[in-house]
1. Give the residues of segment B:119-159 that are more than 18 Å from B:GLU377 (Cβ to Cβ), assigned to a loop (DSSP other than H, G, I, E, B), in contact with a strand residue (DSSP E or B) (Cβ under 8 Å, 6 or more places away or on another chain) and not acidic (Asp, Glu), sorted by residue number.
2. Among the residues of segment A:72-103, which ones are closer than 19 Å to B:ILE318 by Cβ and in a strand (DSSP E or B)?
3. Identify all residues within segment B:20-77 that are among the hydroxyl-bearing types (Ser, Thr, Tyr) and either touching a strand residue (DSSP E or B) at 6+ places or on another chain (Cβ under 7 Å) or within 14 Å of another protein chain (Cβ to nearest Cβ) (or both); write none if there are none.
4. When residues of segment B:21-68 are filtered for being without any contact (Cβ under 8 Å) to a residue 40 or more places away in the chain, under 22 Å from B:THR252 (Cα atoms) and outside any helix (DSSP H, G or I), how many remain?
5. In this structure, does A:VAL46 turn out to be within 14 Å of another protein chain (Cβ to nearest Cβ), farther than 20 Å from B:SER276 by Cα, among the β-branched types (Val, Ile, Thr) and in a helix (DSSP H, G or I)?
6. Give the number of residues within segment A:33-53 that are closer than 20 Å to A:ASN75 by Cβ and either modelled with pLDDT under 85 or small (Gly, Ala, Ser) (or both).
7. For segment B:309-343, which residues satisfy the criterion of being more than 11 Å from chain A (Cβ to nearest Cβ) and either closer than 25 Å to B:CYS71 by Cβ or among the hydroxyl-bearing types (Ser, Thr, Tyr) (or both)?
8. Answer with yes or no whether B:ASN193 is modelled with pLDDT of 95 or more and either polar (S, T, N, Q) or part of a loop (DSSP other than H, G, I, E, B) (or both).
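The values are calculated or read from the model by the stated rules, or taken from the named source; none is laboratory data. Every value quoted in this text rests on a predicted model; they were computed, and no experiment measured them. Quick reminder, even Gly has a Cβ in these numbers, built from the backbone with ideal geometry, and neighbours come from all protein chains shown.
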Amino acid sequence: MRFDVVIIGGGPAGTGIGLELQRSGLDCLVVSEGLGLEESPRREFVEAGGTLLQGDTVLGGTISEGKVTGVATRNLKGTPIEASCYVLATGRFFSKGLISTMDGIFEPVFGCDVLYDRDSTNWTNPDFYAPQPFEDFGVVTDDQGRVSIGGRTISNLFAAGEVLAGKIGMQTGIERVVNAVLGRK
Amino acid sequence: MQDKNVSVNNFEQCLKCDICSSVCPMLAANPRYPGPKQAGPDGERYRLKDPAYYDLTLKFCLNCKRCEVACPSGVRIGDIIQTARLKYGRQNRPLRDFVLADTDLTGSLATPLAPVVNRALGCRPVKAVMDRLVGVDSRRTLPSYSGRKFVRWFRESAAHRQLGFRRFVSFFHGCYVNYNFPELGRDFVRIINACGFGVHLLEDERCCGVALISNGFGAQARHQAEINVRSIRKAVSAGEPVVGCSSTCIFTMRDEYDHLLGIDTSDVRDSILLASKWLYDKVESGSVKLVFKSDYHLKVAYHTACHMNKLGWSVYSILLLKMIPGLELIVPEQQCCGIAGTFGFKKENYGYSQEIGKSLFDTLEAISPDIVATDCETCKWQIEMSTDLKVMNPISILAEALDFEKTQKSNIR
């Protein structure tokens, strides 16, 4: 199964990027764990000709020479899914875009590099209403939104939305990836 | 996500977000139904303390699994509800439910008398009597029976033609193909043969049991499931995948046998496939080539059946249909047609069934296609009864569009 872009995550970032890219003439797949809450962009994405997998999970991807070459989902087992570009928009801890364990914090789909404090006693602020340090943990990206794995930039894997480290913001993150995928400055 | 939890049906992963209730077709039509969250994980907490908390309104669950597709936490809400019904439901079941649920028995009795049965089931006085005495709603168009079972046709007219092949698939024909619509089975055999594969039947095939499960006949369902799994295991160990045309049969054997009946199918699950998935994967990997007629034109609306949605496989049927040149395809957003197998046949449910389906009927009529395509036979009955549209399985559309001669030549090995 071949697409121009595979987007992992059906939340605001994933559906937003999918809709923009599909409307720009690219053939997109959005894989959404659960229904995804964004009803109207989701419908518009499908009406624009995009392919949406609901209630499915991307189990992992294959990486070769600094590029993602394919992903596999739970439901479409036995069918390789390939694309030119891939977007990680899996959200943060609640949606399991980031997993925290006693050993650290990791990104489960590709094992992307994650920025976080190695000392877990610094993850939270005891003042419940204060900004929480863990809110800034997430996947490290370059200025085009590309992720890295083991310090090496993956040229066709982008990240957007809540999974990002720091305070990049939803709209900025979406625009950055859309521009990079379309080759716009 | 389901793999990361240990509890049965991921029961305690429910966060009470209620997104399941927002997609439940029954809740929208019937205020007496507590909804998937209440009937499922919420109610389960009480039932675990005391079975007396079992609630008869759980019978309103259509087992469509839309709640499970919507759940972001992987809670198997539909499974929780159906398991509770099988475990605690001790209400007296009318004979009607058994007749509706035991499709092998009903089909075998009806087939030899098909012309008489079909006329009787279509005539008003009989329907009025069935409505009054049996509780099958008289407004419903009942499925007609074929005079000749699919398996009989296969043994008499097709089995000998399978001898020349070296690669095979096993066909799970299901009750619909066997008793109601053997044409679909014939289309399947023709396509598979043209692809260079022979077709075998399973050593012993019984109804998948979906209707027995939803009507609470757990023991009978388990008995049939065990026979099927034994036959499937035999086919798979001979290197043959088990392929069917009905999304519900395939879904039931892949997931419900394990989740609801407690039958371990892990060794064969990946080999139980829907025809459109098997075919798509073969074409994609280059091992099968399909050649289509150049003058075929059809406007098709694809309806994703609820169990097809749960399998996550509508993408296969859609991409397969898109391979046909001259076919215009429209895919509206997934909605439930309301029939839910035997549910919509029951007098007390007819109103809910039609109300649930209304939005889908309106959507399809507005598209006004030449044909509605769907992988589910009960959706077909419901849509054909409730609209003026004709419904076909994607496999039958493919059989219409294929150039069999050229396809066959392309797949000789």
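1. Residue satisfying the conditions is B:GLY135 alone.
2. Within segment A:72-103, A:THR73, A:ILE81, A:GLU82, A:ALA83 meet the criteria.
3. We begin by selecting, within segment B:20-77, every residue among the hydroxyl-bearing types (Ser, Thr, Tyr); these are B:21-22, B:33, B:46, B:53-54, B:57, B:73.
Those that are among the hydroxyl-bearing types (Ser, Thr, Tyr) and either touching a strand residue (DSSP E or B) at 6+ places or on another chain (Cβ under 7 Å) or within 14 Å of another protein chain (Cβ to nearest Cβ) (or both): B:SER21, B:SER22, B:SER73.
4. The total comes to 1.
5. Numbers: within 14 Å of another protein chain (Cβ to nearest Cβ): yes; farther than 20 Å from B:SER276 by Cα: yes; among the β-branched types (Val, Ile, Thr): yes; in a helix (DSSP H, G or I): yes.
Criteria met by A:VAL46.
6. Going residue by residue through segment A:33-53, those that are closer than 20 Å to A:ASN75 by Cβ are A:33-36, A:42, A:45-46, A:50-53.
Still in the list and also either modelled with pLDDT under 85 or small (Gly, Ala, Ser) (or both): A:34-36, A:50.
Residues meeting the conditions: 4.
7. At the first step, the residues of segment B:309-343 found to be more than 11 Å from chain A (Cβ to nearest Cβ) are B:317, B:320-321, B:323-328, B:335-343.
If the condition is that a residue be more than 11 Å from chain A (Cβ to nearest Cβ) and either closer than 25 Å to B:CYS71 by Cβ or among the hydroxyl-bearing types (Ser, Thr, Tyr) (or both), then B:SER317, B:GLN335, B:CYS336, B:CYS337, B:GLY338, B:ILE339, B:ALA340, B:GLY341, B:THR342, B:PHE343 are the ones that fit.
8. Numbers: modelled with pLDDT of 95 or more: yes; either polar (S, T, N, Q) or part of a loop (DSSP other than H, G, I, E, B) (or both): yes.
Criteria met by B:ASN193.
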